[in-house]
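Notes follow the structure.
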Amino acid sequence: MLMQRTIETIFPAQRVIDDGDMLLWRALPLNGRASLGPFVFIDHYRHRSRRGIGDSPHPHAGIEVISYLLEGGVAHRDSLGFKDQLGPGDAQWIRAGRGMLHAEQPSGGRHGLQLWTSLPPEHKLDEPAYASFRAADIPEIEHAGARIRVIAGSLEGVVGPMKTTSPTVFAHIRLDPGASVTLPVDAAPELGLYVLDGSLAGENGAALGPGALAVLTSGSQISLRAAPDQGADVALLGGTPVEGAILFAGPFVMDTPERLAQAKRDFASGAMGRLEGVPF
């Protein structure tokens, strides 16, 4: 018997930047919610100029960094030696592990997501790795009035190309005005919905607009419906809950204070590699 997932809690994302050029929503971490499945960080950004986030070389450790570009383009380079160019609909995965440096340079205005998953304790110090996925290689499911791109995990037997360390679901769902869709999902993982654009019809007639993170109850299927006067652009996110403690120190997320201190020392000493003279 299929059990319907419903909205348990709605968290409004924080407007970290809203200055006319850039709008940056942060949907994790929030007061009252530290994670969703393995995800511990959700940034949703839109900017008009070539100004970006993370333009200067900077480190990461203890996490996977997942980027998904809806509009625009960005150049990537890192201390692993990878150089890449992402365009609309492309996705990127970086296992930072014990530590690496990267930098991004937008080619112009951009709209997208950056997500972090916390690596399990036994994988916190794994060797860094990189992969990217072109829009044409991300499978799509079509229903009447609905298009679902499966980036990671599986929906309706369609498997996304991104392989994360912890079992993860990441899909991009676009609904036409008034359209609805029902999808079977794994009953075990934590799941939530983040509204990117438009309006999603919530329960009791409430509408969920951009910047809303809706955490779902357990169950084996979800039903989504766009508001009748506009479509909805939604990210479905979740997976196996975080293992171990979640300790932030800027771009490092570890499970013990000792590992955080080691990450800082490794960055300062150059053990995470170098990128245009950083670290000095």
Worksheet item: Sorted by packing (mean other beta-carbon atoms within 10 Å per residue), highest first, where do 242-253, 32-43 land?
Response: 32-43, 242-253
Discussion item. Let me spell out the model: positive unit charges on the Cβ of Lys and Arg, negative unit charges on the Cβ of Asp and Glu, origin at the Cα centre of region 73-201. What dipole size does that give, in debye rounded to 20?
Written reply: 300
Practice prompt. Count charges around residue 200 for me, please; just the other residues with Cβ under 13 Å from its Cβ, Lys/Arg as +1, Asp/Glu as -1.
Written response: -3
Worksheet item: Which angle between 0 and 90 degrees, to the nearest 10, do you get for helix 257-269 versus the longest principal axis of the chain when only C-alpha atoms count?
Response: 60
Fill in: Using distinct alpha-carbon pairs, which all enter the 1/r mean, Kirkwood radius of region 14-101 in Å
14.5
Response to the item:
If each K or R counts +1 and each D or E counts -1, the residues other than residue 87 whose Cβ falls under 12 Å of its Cβ total -1
Worksheet item: Any idea what Rg and Dmax come out to for the chain if you just take the C-alpha atoms, in Å?
Response: 18.4, 59
Fill in: Separation in nanometres of the label points that stand 7 Å from Cα toward Cβ, at residue 147 and residue 31
4.0
Worksheet item: Relative to the present Cα-Cα distance, how much length would full extension add between residue 140 and residue 83 at 0.36 nm per residue of separation?
Response: 17.8 nm
Discussion item. If you take every residue apart from residue 39 with its C-beta less than 10 Å away from the C-beta of residue 39, what net charge results, scoring Lys and Arg +1 and Asp and Glu -1?
Written reply: -2
Fill in: Given charges at beta-carbon only (K, R positive; D, E negative), |dipole| of the chain in Debye
460
Response to the item:
Given Cβ charges of +1 for Lys and Arg and -1 for Asp and Glu, the option among 29, 178, 235 whose Cα lies farthest towards the positive end of the dipole of the chain is 29
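Bear in mind that the values in this text are calculations on the coordinates, not laboratory data. The model shown is predicted, which means the values in this text are computed figures rather than measured ones. All Cβ positions, glycine included, derive from the backbone under ideal geometry; neighbour counts span all protein chains shown.
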